[in-house]
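Asker: Here it is: the structure, laid out below.
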Amino acid sequence: MTLVELQKVLGDRVEITLDKTLTPEQRKEEIEQSTLICGLAKQMINNGDLILRTEKLVAQERALKHSYAMDLITGGN
């Protein structure tokens, strides 16, 4: 999933959560699902940030070929 796709999903969740026609039970279920999605989204964003920061360091010609960050990104390849 791309960050643009993630943004669409999060926007959809906001609309669902704010739906005034939901019963209290439905609202509770939707909020629980939204909370789970938001937690996953936060992790995806953090992962993207790690990749961007690592790529920036690589672009600055720092020796990262054998770093833990590069191993996380490439799977140790």
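Asker: Which ones in segment 10-34 are over 21 Å from Ile45 (Cα atoms) and of a type in the set (S, T, N, Q)?
Answerer: Thr17, Thr21, Thr23, Gln26
Asker: Only residues that are part of a loop (DSSP other than H, G, I, E, B) and of a type outside the set (S, T, N, Q): list them for segment 8-52, please.
Answerer: Leu18, Asp19, Lys20, Leu22
Matching residues to (1) hydrophobic (A, V, I, L, M, F, W, C); (2) surrounded by 13 or more Cβ atoms within 10 Å (Cβ to Cβ):
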| residue | (1), (2) |
| --- | --- |
| Leu18 | yes, no |
| Thr21 | no, no |
| Glu25 | no, no |
| Glu32 | no, no |
| Ala41 | yes, yes |
| Met44 | yes, yes |
| Val58 | yes, yes |
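Asker: Need pairs with beta-carbon distance below 6 Å; first residue of a type in the set (Asp, Glu) and within segment 19-34, second surrounded by 14 or more Cβ atoms within 10 Å (Cβ to Cβ) and not in a loop (DSSP other than H, G, I, E, B); sequence gap 6+ or separate chains.
Answerer: Glu30/Ile16; Glu30/Thr17
Every number here is computed from the coordinates shown, using simple stated rules; none is lab data. Computed from a predicted model, the values in this text were never measured in an experiment. Please note: Cβ atoms are built from the backbone with ideal geometry, for glycine as well, and neighbour counts cover all protein chains shown.
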